[in-house]
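Chemist: Submitted below is the structure of interest, expressed as structure tokens.
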Amino acid sequence: MAKILVTGATGQIGAELTLALREHYGADNVIAAGHRREPPGGLAQTGPYCSLDVRDAAALNAVVTAHGITVIYHLAALLSAVAEEQPLQAWDINMNGLLNVLECARQHGCQVFFPSSIAAFGPGTPPFNTPQDTVQRPSTIYGITKVTGELLCDYYYRRYGVDARGVRYPGLISNQVLPGGGTTDYAVDIFYAAVRQRHYDCFLRADTQLDMMYMPDAIAAAMQLMQADASRLMHRNGFNATAMSFTPSQLAAAIQQHLPDFTIAYAIDPLRQAIADSWPRHMDDSAARAEWGWQPRYDLSAMVGDMLRHITAKLRNE
Ligand code: VAH
């Protein structure tokens, strides 16, 4: 039976992934680890939680040893906008944290999941139908940690046989946990603003097209890749995977189908606009579909309907 450690378990992906893994593998087989002393929400009520700073190799090793961990989903990281404000801390957390996880996996024979991102591409990357194998010269520290992370995972697989796998996620949209300092956070914030005050001031330009994915699909992608037949994986780390690609104005129009009086205005954040402009518009994810059967369930219309249902219910008791 798999014994799973989720780092970054209090974050946007980690919180929902932990609950999905507990449902699939059994609550006691999934250890949630976060940098906070106390876990938020359902994490503590649904299974074991521990406070962990992934930069502390000895503490990480102690958790893996104590619980007999066989799989590590490593999600602890600073996201793009926060990372640009604190580049040295971003490198420390994102890179030393990953190196500690890979070293631990090498010593204990663990499988590793590492989330890369469209941020691993840069201005010189073909922006449309971005190939699986192409130019990767990101211009953000977050993107540099992501492309370095992909290469480090490949190295630990080739050199030591660590079964590391990963996905290049687009912007992720969750109805459970708010995002923490990313460039695509507008695609979540807009729903809370639409339900609360029927208006949103967007920090990206109306025509900023980016790949996106609803969180249930992102969780399914991680679990499906980790369970895939290793002999079919030609790429292993950094699979392009996307579900939809839209602009803030297209997202606003989809919300107006449900809330006709919703309005949007634009108050551009130069930092996050520059980050978004350096990323591709739409990735080619045919390799993920061919090598491990990637197939998203939610398109823009389905995601908007489900988000509005969940956020409306959540705010009703506010
Ligand atoms: C960010 N949500 O905005 C993350 C993600 C593709 C974007 O990596 O930084």
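The values are calculated or read from the model by the stated rules, or taken from the named source; none is laboratory data. Keep in mind that this is a model prediction, so the values were computed, not measured. Cβ atoms come from the backbone with ideal geometry, glycine included; neighbour counts cover every protein chain shown.
Chemist: Is there any pair linking a residue in segment 13-38 that is in contact (Cβ under 8 Å) with a residue 24 or more places away in the chain to one that is in a helix (DSSP H, G or I) and among the basic types (Lys, Arg), with Cβ under 6 Å and at least six apart or on different chains, and which?
Modeler: If the second residue must be in a helix (DSSP H, G or I) and among the basic types (Lys, Arg), the pairs left are Val30/Arg22.
Chemist: How many residues are in a loop (DSSP other than H, G, I, E, B) and not polar (S, T, N, Q) when one looks only at segment 288-313?
Modeler: Of the residues in that region, 6 qualify.
Chemist: Go through segment 62-94 and report how many residues are over 21 Å from Glu16 (Cβ atoms) and hydroxyl-bearing (Ser, Thr, Tyr).
Modeler: Residues flagged as over 21 Å from Glu16 (Cβ atoms) and hydroxyl-bearing (Ser, Thr, Tyr) within segment 62-94 amount to 2.
Chemist: Here's a check for you: in segment 44-82, which residue that is among the polar types (S, T, N, Q) and loosely packed, with under 15 Cβ neighbours inside 10 Å is farthest from the chain's Cα centre (by Cα)?
Modeler: The residue in question is Thr65.
Chemist: I've got another one for you. Mind checking which residues of segment 243-267 are closer than 22 Å to Ala119 by Cα and in contact with a helix residue (DSSP H, G or I) (Cβ under 8 Å, 6 or more places away or on another chain)?
Modeler: Ala243, Met244, Phe246, Pro248, Gln250, Leu251
Chemist: Can you work out which of the residues in segment 83-94 that are over 16 Å from the mean Cα position of the chain (by Cα) and within 16 Å of the ligand (Cβ to nearest atom) is surrounded by the most Cβ atoms within 10 Å (Cβ to Cβ)?
Modeler: Glu84
Chemist: Only one of these conditions is not met by Glu23: (1) in a helix (DSSP H, G or I); (2) crowded, with 24+ Cβ neighbours inside 10 Å. Which number is it?
Modeler: Of everything listed in (1) in a helix (DSSP H, G or I); (2) crowded, with 24+ Cβ neighbours inside 10 Å, Glu23 misses just condition (2).
Chemist: Looking at (1) more than 18 Å from Tyr298 (Cβ to Cβ); (2) buried (at least 23 other Cβ atoms within 10 Å of the Cβ); (3) within 16 Å of the ligand (Cβ to nearest atom), which is the one condition that is false for Tyr200?
Modeler: (3)
Chemist: If I ask for residues that are surrounded by 20 or more Cβ atoms within 10 Å (Cβ to Cβ), within 16 Å of the ligand (Cβ to nearest atom) and in a helix (DSSP H, G or I), which ones from segment 251-287 would you list?
Modeler: Leu251, Arg272, Ile275, Ala276
Chemist: Could you tell me which residue of segment 114-172 is farthest from Thr242 (Cα to Cα), considering only residues that are of a type in the set (Ser, Thr, Tyr) and more than 16 Å from the ligand (Cβ to nearest atom)?
Modeler: This residue is Tyr160.
Chemist: Let me ask another. Test Ala218 against the criterion of being within 21 Å of the chain's Cα centre (by Cα), in the same structural domain as Ala120 (by TED's automatic domain parsing) and within 16 Å of the ligand (Cβ to nearest atom), and give yes or no.
Modeler: Values: within 21 Å of the chain's Cα centre (by Cα): yes; in the same structural domain as Ala120 (by TED's automatic domain parsing): yes; within 16 Å of the ligand (Cβ to nearest atom): yes.
Here the answer is yes, as Ala218 does meet what is asked.
Chemist: Ok, one more. Kindly indicate the residue of segment 203-215 that is over 16 Å from Ala81 (Cβ atoms) and within 14 Å of the ligand (Cβ to nearest atom) and also farthest from the chain's Cα centre (by Cα) among those meeting that condition.
Modeler: Restricting attention to segment 203-215, the residues satisfying the condition of being over 16 Å from Ala81 (Cβ atoms) are 206-207, 209, 211-215.
Checking the rest, the ones that are also within 14 Å of the ligand (Cβ to nearest atom) come to 209, 211-215.
On the way: Gln209: 18, Asp211: 13, Met212: 11, Met213: 10, Tyr214: 10, Met215: 9 Å.
Residue satisfying both the conditions and the ranking: Gln209.
Chemist: Scan segment 173-192 residue by residue and report those that are away from the ligand (no atom under 11 Å from the Cβ) and more than 20 Å from Pro270 (Cβ to Cβ).
Modeler: Of everything in segment 173-192, those that are away from the ligand (no atom under 11 Å from the Cβ) and more than 20 Å from Pro270 (Cβ to Cβ) turn out to be Asn175, Gln176, Val177, Leu178, Phe191, Tyr192.
Chemist: Sticking with this one: So which residues in segment 289-318 are touching a strand residue (DSSP E or B) at 6+ places or on another chain (Cβ under 6 Å) and within 16 Å of the ligand (Cβ to nearest atom), if there are any at all? Talk me through it step by step, then tell me what you get.
Modeler: We begin by selecting, within segment 289-318, every residue touching a strand residue (DSSP E or B) at 6+ places or on another chain (Cβ under 6 Å); these are 298-300, 303.
Residue satisfying the conditions is Met303 alone.
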